[in-house]
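Asks: The structure that follows is given in the form of structure tokens.
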Amino acid sequence: MEKEKDILLISPVIFLRDIFLANVPVHQHNFRKKCIYVPVMMRRMMEAILNKDAMDDKDYVGNKRLELSGQFLSLLFEDLFNSMNSESKRAFDASSSARDILYCIKKYNRITLELGRALSTGNWDVKRFGMHKKGVTDVVARAGKIGEFVSIFVNEKQHCVYIASDGGHVCRPLVIADRGVSRIKELHMKELRDGVRDFNSFLRDGLIEYLDVNEENNSLIALIDCSIRKGGHNGNNAY
């Protein structure tokens, strides 16, 4: 009840700016982004009500995200760090001596112990987020360097361009073809065999590109070289 009373006391402008759709930022009282976002979401809701086929498929691979090792580590560290702050605060309330507080922080080695336990046993317990997972050590051990990834694709049904920069996309590398000709030449393959090149160099030089499932829907992809139409496509999204 108190929260409801507090909301009623807030001015309409502050409510619309800071509380209503808080994920859409408002800078200098410019509500343009929210004015665009609201009708778009209303249209999608009405489409879903009138046509069940317009609803997002939760089982569609393009809507799924893989849980990566970095996310596990960050969540566990955040939970342990907050626990350390709480215990340090209790120690501060019990003793006003700054020396005791510093000693408490130095003595607190639970972060190191819990991270080591999670990595060695594969059991991840994060109480704040209700996460209890087992057997993920192999996933963390196999995790390599994850580069930056931005997915850009057109949804023709919704008349929208989606730009997704979150992690966990299911992607696969594809060789880029310009006007039906592969960018990878025999010289590149020789450099790979000789150890001059590696897979990352193909990505760095723009010979190979990672695409997720949604981007593949907007692309022309050939399974073998002979099925590529020579000069039949002028765009860059041919693989």
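Asks: Stretch residue 50-residue 21 to full length: gain in nm at 0.36 nm per residue minus the Cα-Cα span?
Replies: 8.0 nm
Asks: Once you have the Cα-Cα distance between residue 201 and residue 38, take 0.36 nm times their residue separation minus that, and quote the gain in nm to one decimal.
Replies: Fully extending the segment from residue 201 to residue 38 adds 54.3 nm.
Asks: Calculate, in whole percent, how much of the Cα-Cα pair population of the range 153-200 lies beyond 12 Å.
Replies: Above the 12 Å cut-off, the range 153-200 has 77 percent of its Cα pairs.
Asks: State which entries of 89/133; 34/157; 89/127; 58/133; 34/58 exceed 24 angstrom in Cα-Cα distance in the structure shown.
Replies: 89/133; 34/58
Asks: For a Förster distance of 22 Å, can you work out the FRET efficiency between the beta-carbons of residue 223 and residue 186, rounded to the nearest 0.05? Before the final figure, lay out each step's value.
Replies: Details: r = 21 Å, r/R0 = 0.93.
According to the calculation, E is roughly 0.60.
No lab work stands behind these numbers, since they all come straight from the coordinates. The structure displayed is predicted, hence computed values, not measured ones. With ideal geometry, Cβ positions are generated from the backbone for all residues, glycine too; neighbour counts draw on all protein chains shown.
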